[in-house]
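To keep things clear, I will list the structure first and then write my remarks on it.
The values are calculated or read from the model by the stated rules, or taken from the named source; none is laboratory data. None of the values given here were measured: they were computed from a predicted structure. For neighbour counting, all protein chains shown are included, and Cβ atoms are generated from backbone atoms with ideal geometry for every residue, glycine included. Heads up: the accessible areas ignore ligands, DNA and RNA and are worked out on the full protein's heavy atoms, side chains in. Shrake-Rupley method; radii C 1.70, N 1.55, O 1.52, S 1.80 Å.
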Amino acid sequence: MIKSKEKKNQKQGMLENVMTQFNQAADLIDLNPNIRKILEVTNNELVVHFPVRMDNGEVEVFTGYRVQHNNSLGPYKGGLRYHPTVDIDAARALAMWMTWKTALAGLPYGGAKGGIQLDPSKYSMAELERITRRFTYALGDNIGPELDIPAPDVNTNAQTMAWILDTYMSTKPPAARSSNMHVVTGKPIGAGGSEGRDRATGFGVFLTIKFWAEHKNIPLENKRFIVQGFGNVGYWTSHFLEKEGAKLVAVQDAFGTITNDEGLSVEDLFAYAKENEGSIVGFPNSTPCDNADFFAIDCDICIPAALGNQITAENAPLIKAKLIAEGANGPTDVSAEMILRERNIDVIPDILCNSGGVIGSYFEWLQNRNGEIWSLEEVLQKLEKKMRENFERVKNKAEARSVDYRSAAFIIAIERFEQVYTQRGIFP
Ligand code: NAD
């Protein structure tokens, strides 16, 4: 059964995009060329091939990646993605975005990313568990609670993190086991996870939209929004927007696109997708729509929350939204960005918009490290405070320099590295 739609080349150019975004911002602040040289490349790149026994007794060999871009501000941090498009360039691009995201958020972390090149829908739960455990074993001591801390990303979740944690701990000497709980974040609550981490990214995306709307004096009530990707980020963003009175009028996922001009019920759609192998297609009271027409749907807010390079020069001229809130990493390519700028469509850039996830992860890591347990209310309150501060800093920088939000966000992040490399110098 092939339900998944083909999206050729979706990842191509992600590395080029992040490099262009970085270099454009570096030009604006006339970044020291020596610091630019350091930041343009990744620190470490690990590619592992590992065998796993399948349910039918055959052995399959998988390729996994972990790219560590920069750790001058703290341990490497970033998700693990299970997807056919995962390769070294995708991991490099996503690792770099993590560096800018954690720096912008003011966290004591660097940037990393990785994953396995595979289509998880082709494997049983037992196979995915063995693949994950064997991948963790192959990563060995290249990850660690004070070295490099993975988290969930596309097609990985709290369960994946629990398997990684268990494998990592099981391969350590007994005395070091329980103190390694913070080797991954995004764990199930029963296995050392934090309240609120499940919704942290979507809540953060929602908050940036809310702050933008407040700044523009636009009420969110009855505003029409469309979401690409109805997984962790897409669902939780929709959940909070619906609570604020906004209306979800179209959703696209890996299986297709559905619309309803009167509004789709977020919770009913979530329950439906859960029953249907994650697919939204066939949801009652919805009309199917051509995938290619998704971004042209009439709406006020567009939330790409799936993969990279989805908003392109081809569909950017057709977008009706006044705001694009980047739940996904790298959803807008550089050529599209220029068109959106000319059309006065605001973009809340990924490194700000979806940073609630890594901030939530930081809170989980801190709790594990300090032996604390925070309530959901406490987590969401702290998250909101941090997201508001970060949004304000980006808005103020954008105004002060007369640049768009993305350039402003990159400038703030890069300035942290300018400071750290100037203060620490270069070994030896
Ligand atoms: P997920 O696996 O929970 O959900 C992914 C969703 O995207 C699914 O609904 C899937 O059907 C859909 N999708 C996959 N391919 C698609 C395609 N070609 N077209 C349309 N839809 C497609 O993943 P997630 O954790 O929600 O991550 C989504 C995005 O958000 C990614 O870019 C990820 O890097 C980014 N992000 C995630 C987090 C997090 O905490 N999970 C944090 C920051 C950023």
What is the Cα centroid distance between segment 209-229 and segment 277-340, reported in whole angstrom?
15
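What's the magnitude of the charge dipole for the chain around its Cα centre, counting Lys and Arg as +1 and Asp and Glu as -1 at the beta-carbon? Answer in Debye, nearest 20.
In debye, rounded to 20, the chain gives about 900.
Tally Lys/Arg at +1 and Asp/Glu at -1 over every other residue whose Cβ is under 14 Å from the Cβ of Glu146; what's the total?
In short, +1.
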Here the gain from full extension of Glu60 to Lys37, 0.36 nm per residue of separation minus their alpha-carbon distance, amounts to 4.4 nm
Using a 1.4 Å probe on the protein heavy atoms, what percent of the accessible area of segment 256-322 belongs to carbon and sulfur?
51
Accessible area of the chain divided out per residue, in Å², using a probe of 1.4 angstrom
42
Within segment 205-229, list the residues whose amide N lies under 18 Å from a label point set 7 Å along Cα→Cβ of Asp261.
222-226
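Once the piece of chain linking Ile29 and Glu342 is laid out straight, how much longer is it, given 0.36 nm per residue of separation minus the C-alpha distance between them?
Working: separation 313, 0.36 × 313 = 112.68 nm, distance 2.24 nm.
Roughly 110.4 nm would be gained on extension.
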Sort out for me the Cα centre separation of segment 70-121 from segment 250-268, rounded to whole Å.
29
Label model pair Ile373, Glu399: point-to-point distance (7 angstrom along the Cα→beta-carbon line) in nm is 4.3
Taking θ as phi - 60°, what are the ³J(HN,Hα) couplings along segment 231-236 by the Karplus curve (6.51, -1.76, 1.60), each to the nearest whole Hz, with x for Gly and Pro?
x, 4, 6, x, 5, 5
Take the Cα of Glu314, step 7 Å along the line toward its Cβ, and report every residue of segment 258-293 whose backbone nitrogen sits under 19 Å from that point.
258, 289-293
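When only C-alpha pairs under 8 Å and at least 6 residues apart count, what is the relative contact order of segment 78-145, in percent?
37
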Fraction of accessible area attributable to carbon and sulfur, segment 41-178 (%, probe 1.4 Å)
51
With contacts defined as alpha carbon pairs under 8 Å and 6 or more residues apart, what's the relative contact order of segment 200-348 in percent?
22
